[in-house]
Structure formats: C-alpha cells, structure tokens
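J.: Below is one structure. I have some questions about it.
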Amino acid sequence: MSVPRDERRFGESSPGSNPLERSPVDRIAIEHPTHCAAEVGWVADVVFRERFGLEIETVVGTSGRGICIRRGDRKLTLSAEFFENADRAWGSAETATEVQSGEWDVAAEGLGEGLLHRTVPIPFGRPGISIDECGDVAVRADLLGTIFFHLSRYEEFCRPDRDQHGRFPGKASYAARLGMLDRPLADELIEVLWNAMRRVWPDLRRPTSTGRVELSCDVDWLYDAAAMRPAAMIRRLGSLARSGDWGAAVEASRDLARRCAGGSRACPSRRGLERLMHDAERRDLRGVFNFIPTTTDPDRDGDNRPGDPAVATLLSEIHRRGHEIGVHPGYASAEHPDVIADGVATFRRRLAELGIEQGRLSSRQHFLRWCPHRTAAGLDAAGVDVDTTLGFADRPGFRCGTSHEFTMYDCVGRRPLRLRQRPLVAMEWSYLSPEHLAFEPGRRMATALCELRRRCLHYGGTFTLLWHNSMLFSPRLRSTLHAALDGVVP
Ligand SMILES: [Zn+2]
C-alpha cells in the first residue's frame, strides 16, 4: 500500500539521508535525590534508553532537589516536584492530583519542534526554563514526573473511581478532565525534553521512530448473538433492512435457521473475522486476534474456547495466514493473578498442541477490565510478554499518554516489570455504545479515528485499533473501519 502524505514519520531524516540509520550510542549520567529512586530509575530508563537510545549511568543520593542530566561538562536540570511529593505519601490520592493546570507555551520558548500543539499542560512544577551563561539549562516543569504519572497510570493506582465493571472511567482521568485525552501528552513532553536536551547538546542524535497501524480483534463471539434470541434477530433484520444491506439480512436469517437446526460455523461473526483478516492482508498489516482461554464468567465470556475443534481449525488458519494470536483473559481474571496464570498456561498448551509457535505472547483483558493493583503483575508472573489492554472502554485516546510500546511499572511492588505495554488507542465500541460516545458509524466517527491515527503516526507510535468481528454487519461499519485503516475519510 502506498503511504499517504500525512504519514511522514516523526524523526525521519532530511531528504537524502537514510531514515533507518541509527545514531551511535551516546552516554549520559543522571543524578537524582533518593526520593522515589526506583520510579525515577524506571522512567529514566524508558525515556532515555528505550526512546532516545542513550546509555545511562545513574547516581542516586545527590543533595540537590532536582534531577540533573550530565554529558561532558554541560548539564540539564529538571524539576522533581512530583517525585518529592509522592515519596511522602506513596499511593495517596493527593499525590495524584495535579498541582498546576497551567499551559506552557513551549513553541515560544523554542522547545516546540516536532510538536502538533504550541502549548502543553504542566500538572507538576511550573512552566518555563532558564539558561545560564555556560549554556546549562534548567527546566522548571516536572517533565519526568509527569511522564511517569502518565505511563504508570499512577492516578488509577491512587484513586477509587470505578464504573459498573470495576474499570477506571476514562472520563474521570486527568487528560479527559483537561479535554485532552485525544492528545498523547506523555509523547508531547518527551519531545519537549528532547528539544531541551538538544538546546544543551546540539550534537545529540536518536534513532528514527517509524509509526505503524495495528488492527486487532477480540474474538469474544463467533456466533451471532442475535441468532440466539428471536426478538434480537427481528431488531437485527430491521436494522439491516434500513441500512439496505440485504445480503447481510439474508445471511443473518440463514444463521437463525442454522442455529435452530443445531448450530453452524457459518455465521456473520465468523465472516466478520474473515473480513478483518482480509482487510489487514490487503494493507500488508499483521492482524492480532485474541481468544478467551478459559471461562471465568459464563454470562460474559463469549461463546468459543480454544479447546473447541472448530476454534482450533480457526486458530491454525489465522496462524497460517501470518497473523498473531493473543490471549484474552476472561471477565473475572483482572483481580486474580491465579486465574490469569491458569488461562495463559491453558492457552499456551493449546497453541503448542496445534503446533503454533509465536515469538512473543500478547494479551488483552476482556472488557478491558484492569485492576491497577494486580493485573500487570499477574500478567508478568504468567509470562505474558506484552499487554495491549490500556485504552479506556468509555473513551478513545491515550490512556497512558503514549502510543509507543514501553516496559511497564508495578506501582504496588514499586519495581519495573518484564511485561511491556502496547497501549490501545481506539476501540469501535467506545464510539458506538449508547452508554459511551453514542456515535453512528460514518463520517464523524471516521474523522475522529483518522485524527487519532494521524497523531500516533506523527509521534512515531502505533495506532492500535480494536474492531470486534461481531461489529461488521453493516456497510457503514465496514466503510468506517476502512477509513480508519487508510487514514482517508470517505
Ligand atoms: Zn473481549
């Protein structure tokens, strides 16, 4: 597929240079006081090593108040107000409440290169920088503390807000309260930090970062739920007739007949899965298809298990076509690491029996249910390599402030995990559910999805889109999905 003009990768080199060329590894020293030493160490590792490709040497226990970055005989000092405060009462709600809600005009300070917006919100520390006569820079905003706040989901760890499924509501988040959940606020601050570093060390280089699109599907249902209940089927047929999708209406009627005659694999949800694979393949994308391994809640855990012979055939086909198969721990797993471990082990065994070998095992929680005290550590202990849960069910956007994959942090054990997070940016149901944004499929939804996609790619991240196989039953749904995948509003 040709790359539209808006997909020029962030960090791409100027014309004539090789965009894949990596800069030589550079080394910096980071000196910081003892407060929140583990947290500072983790966020420094994620930002400076994972994102900037720098080698870092850390010195803990300095007497100054800020975080000092040294390279050669020059230094950059950052405020550490968030960490100072959090260290006094780790996990308390007041430490997760922004101190300032001011905007910093980083463009006016000459720190706005590569950013899509002139200003960034500063919840901890104060806007502004100072430069001394030697060229050393001091940033008064707490950049690393705020990046930690976003990536670690510290506010969810501290605050009790939950919806009827026990999930932290997106609308209660700091970013949503600012009206900025559709901006990758951590990625923006990482760019500001990079620009500040380049102010001190103009010769610094970092690896180029290539954005991409990832289409994923949680295969909760393989049978059309409407076919289970005549009243639901009548509503479905009415909806399809109004949209003029007579072919789907005929298919749905056949599915009801098949269901009444004892069940069949040929149903709209199964065809939805086929469509998603086809849509991914047409665009040279590797789809990710997640399956619930064990039943943890009979009413909510869908209608298929990997042990079912028909599902086994399907898993083999998905793998043979080059897509990824992920585990989708059931509804009642989020608070129970033992249930996660059991599901993951069952899933691994099933894949091994089918001869399916994959390099990494990815996971996403069913219903996006996530306990900030237990789920990440549970997935880590179960040997999952990368989780892809962290988007909000009720709002699309940047739950972790980023669309980049990163190593996760356990706020309970106060330690980095081996588990990585590839955040979920958009789920179709967040737009379509009457309880959430209540959009109709069509132009408005496509425009919103394309803008999120543009922002992910601009910052070199991954536009991760979740589209369920059971949500492709009308032409408008299908054309909205295609618009999001192509970045072109019809
Ligand atoms: Zn699910």
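The values are calculated or read from the model by the stated rules, or taken from the named source; none is laboratory data. What you see is a predicted model, and the numbers here were worked out from it, not measured in a lab. Cβ coordinates were reconstructed from backbone atoms using ideal geometry, including for glycine residues, and neighbour counts include every protein chain displayed.
J.: Name every residue in the stretch 322-357 that is closer than 26 Å to Met277 by Cβ and touching a helix residue (DSSP H, G or I) at 6+ places or on another chain (Cβ under 7 Å), in order of residue number. Reasoning before the result, please.
T.: In the first step, residues of the stretch 322-357 are kept if they are closer than 26 Å to Met277 by Cβ; the result is 322-331, 343-344, 346-357.
Answer for the stretch 322-357, where residues must be closer than 26 Å to Met277 by Cβ and touching a helix residue (DSSP H, G or I) at 6+ places or on another chain (Cβ under 7 Å): His323, Ile325, Val327, His328, Pro329, Gly330, Tyr331, Gly343, Leu354, Ile356.
J.: Same structure again: Of the residues Arg414, Arg422, which is touching a residue at least 40 places away in the same chain (Cβ under 8 Å) and at positive phi?
T.: Sole residue among the options that is touching a residue at least 40 places away in the same chain (Cβ under 8 Å) and at positive phi: Arg414.
J.: Could you please give the count of residues in the stretch 370-402 that are within 15 Å of the ligand (Cβ to nearest atom), of a type outside the set (A, V, I, L, M), closer than 28 Å to Arg349 by Cα and in contact with a Lys or Arg (Cβ under 6 Å, 6 or more places away or on another chain)?
T.: Matching residues across the stretch 370-402 total 2.
J.: When you scan the stretch 38-87 for strands (runs of 3 or more DSSP E) that lie fully inside it, which ones turn up with 3 or more residues that are under 28 Å from the mean Cα position of the chain (by Cα)?
T.: So the answer is 54-60.
J.: Restricting the search to the stretch 164-179, which residues are of a type in the set (A, V, I, L, M, F, W, C) and more than 18 Å from Leu424 (Cα to Cα)?
T.: Matches in the stretch 164-179: Leu178 only.
J.: List the number of the failed condition for Ala107; all other conditions in (1) part of a loop (DSSP other than H, G, I, E, B); (2) modelled with pLDDT of 95 or more; (3) over 20 Å from Ile190 (Cβ atoms) hold.
T.: For Ala107, the exception is condition (3).
J.: Another question, then. Could you please find all residues in the stretch 236-288 being of a type in the set (Lys, Arg), surrounded by fewer than 19 Cβ atoms within 10 Å (Cβ to Cβ) and modelled with pLDDT under 80?
T.: Arg254, Arg258, Arg259, Arg265
J.: Hey, another quick one. Test of understanding: among Phe48, Phe52, which residue is surrounded by 17 or more Cβ atoms within 10 Å (Cβ to Cβ) and either in contact with a strand residue (DSSP E or B) (Cβ under 7 Å, 6 or more places away or on another chain) or among the β-branched types (Val, Ile, Thr) (or both)?
T.: Phe48
J.: Can you name the condition, by its number, that Glu324 falls short on among (1) of a type in the set (Asp, Glu); (2) touching a residue at least 40 places away in the same chain (Cβ under 8 Å); (3) in contact with a strand residue (DSSP E or B) (Cβ under 8 Å, 6 or more places away or on another chain)?
T.: Failed condition: (2).
J.: Limited to the stretch 442-481, what total is found for residues that are part of a helix (DSSP H, G or I) and touching a Pro at 6+ places or on another chain (Cβ under 8 Å)? Break it down into steps so the answer makes sense when it comes.
T.: Quick first cut of the stretch 442-481, residues part of a helix (DSSP H, G or I) only: 443-458, 475-481.
Pick out the ones that are also touching a Pro at 6+ places or on another chain (Cβ under 8 Å) and you get 443, 446, 448-449, 452, 455-456, 476-477, 479-480.
Going through the stretch 442-481 one residue at a time, the tally reaches 11.
J.: Tell me, please, whether a residue that is in contact (Cβ under 8 Å) with a residue 60 or more places away in the chain and farther than 26 Å from Glu55 by Cα can be found in the stretch 186-209.
T.: Within the stretch 186-209, not a single residue is in contact (Cβ under 8 Å) with a residue 60 or more places away in the chain and farther than 26 Å from Glu55 by Cα.
J.: Does Phe149 qualify as being aromatic (Phe, Trp, Tyr) and in contact with a strand residue (DSSP E or B) (Cβ under 8 Å, 6 or more places away or on another chain)?
T.: no
J.: Of the residues that make up the stretch 418-425, is at least one within 19 Å of the chain's Cα centre (by Cα), of a type in the set (Val, Ile, Thr), farther than 17 Å from Phe367 by Cβ and crowded, with 24+ Cβ neighbours inside 10 Å?
T.: Checked against the condition, which is being within 19 Å of the chain's Cα centre (by Cα), of a type in the set (Val, Ile, Thr), farther than 17 Å from Phe367 by Cβ and crowded, with 24+ Cβ neighbours inside 10 Å, the stretch 418-425 yields at least one hit.
J.: Please find, within the stretch 311-333, the residue that is nearest to the ligand (Cβ to nearest atom) out of those that are part of a helix (DSSP H, G or I) and among the hydrophobic types (A, V, I, L, M, F, W, C).
T.: The residue in question is Ala332.
J.: Kindly evaluate Val99 against the criterion of being part of a strand (DSSP E or B) and either within 30 Å of the chain's Cα centre (by Cα) or outside the structural domain of Ala172 (by TED's automatic domain parsing) (or both).
T.: no
J.: Another question about this same structure. Among residues belonging to the stretch 205-221 that are of a type in the set (Asp, Glu) and within 16 Å of the ligand (Cβ to nearest atom), point out the one that is farthest from Ser362 (Cα to Cα).
T.: Here the answer is Asp220.
J.: Let me ask something else. Given the conditions (1) crowded, with 22+ Cβ neighbours inside 10 Å; (2) on the phi > 0 side of the Ramachandran plot, which single one is not true for Val40?
T.: Single failed check for Val40: (2).
J.: Of all residues being within 14 Å of the ligand (Cβ to nearest atom) and surrounded by 19 or more Cβ atoms within 10 Å (Cβ to Cβ) in the stretch 295-310, which is modelled with the highest pLDDT? Just the residue, please.
T.: Of all residues in the stretch 295-310, those within 14 Å of the ligand (Cβ to nearest atom) come to 295-297, 299-305.
Cutting the leftovers down to surrounded by 19 or more Cβ atoms within 10 Å (Cβ to Cβ) gives us 296, 301-302, 304.
Values: Thr296: 96, Asp301: 92, Gly302: 85, Asn304: 83.
By that ranking, first place goes to Thr296.
J.: Pairs under 8 Å by beta carbon, first residue under 17 Å from Ile325 (Cβ atoms) in the stretch 292-303, partner within 12 Å of the ligand (Cβ to nearest atom) and among the polar types (S, T, N, Q), six or more apart or different chains?
T.: Final answer for the pair search is Ile292/Asn304.
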